[in-house]
Amino acid sequence: MDLLPWQLAALLAPLIILLVTTFYSLISTGNKRILDKNLPPQAAGGWPVIGHLRLLSGPELPHIILSDMADKYGLIFSIRLGVHRALIVSSPEIAKECFTTNDMIFCDRPRTAAVQHMSYDFAMFGLGKYCPYWRELRKICVQKLLSNRKIEALGHLYVAEIRALMRSLYNSCVDGTAPSPLEMRKLFRDLSLTVMVRVVAGNIVVGSHEKEGFGRNGMRR
């Protein structure tokens, strides 16, 4: 019995899809093997989708975990942060090679959908992609925000906030109200936030190390 055209197409379609899939898998596997030969070793313990993120979220600090990996895998190896491969180097010579000779290769960032939405289509300086727009933003930051003249002009803010923090710590010790042990991480976080807000917004101060004159939201003018 002769097959109708649509019946013949229905029989051949799965066969064609199978052949194309097999051919693509063979090519991808071959290219991956060639590429893996030129890549540094990848640390064991990575999971699908999340990669090695679970290893970095344990009780140990990330730099200690990476140091232990470097003792096992050598001065240069790779891990997977989600689906993206990250290069870990533990040698000053290799780091210099990455940031001087090959700096143009390492200056870009992964273009993920999350970063695109959070950075307004890569418009934010810290999350933007390497392009003429990003280079212009860097030029503005170096010349207008982070220049030596600008830092010297704002030096009194740093001194004032550090003195306020030290005075608060001294008064707490004298009054016997200082907690034991003292959590320095929170104090440094408040100090950094206070300095940043004063630099950006003028005389507005945010922080908990100076109680005098604060409003309900922990802010004063």
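Output the peptides 193-202, 59-68 sorted from most to least packed, where packing is the average of other Cβ atoms within 10 Å over each peptide's residues.
Taking the mean over residues of other Cβ atoms within 10 Å, the ranking is 193-202, 59-68.
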Which cross-chain or sequence-distant (5 or more) residues have an amide H under 5 Å from the amide H of Gly51, H modelled 1.01 Å from N in plane? Gly82
Length gain on complete extension for the stretch Leu137 to Ile16, per 0.36 nm per residue less the alpha carbon to alpha carbon distance? 38.5 nm
Mind listing the long-range amide H neighbours of Ala86? Cut-off is under 5 Å, sequence gap 5 or more, other chains count too, H placed in the peptide plane at 1.01 Å from N. Ile79, Arg80, Leu81
In order through segment 125-130: 3J(HN,Hα) via Karplus (6.51 cos²θ - 1.76 cosθ + 1.60), integer Hz, x for Gly, Pro: 5, x, 10, x, 7, 6
Other-chain or far-sequence residues with amide H under 5 Å of Gln42's (modelled H): Ser78
Residue (of Ile64, Leu81, Ile50) at the positive-pole extreme of segment 39-107, dipole from beta-carbon charges: Ile50
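Laboratory data are not the source of any read-out in this text; all were calculated from the coordinates shown. Bear in mind the structure is a predicted one, so any value in this text is a computation, not a measurement. A quick note on method: Cβ atoms are made from the backbone with ideal geometry, for glycine too, and the neighbour counts reach across all protein chains shown.
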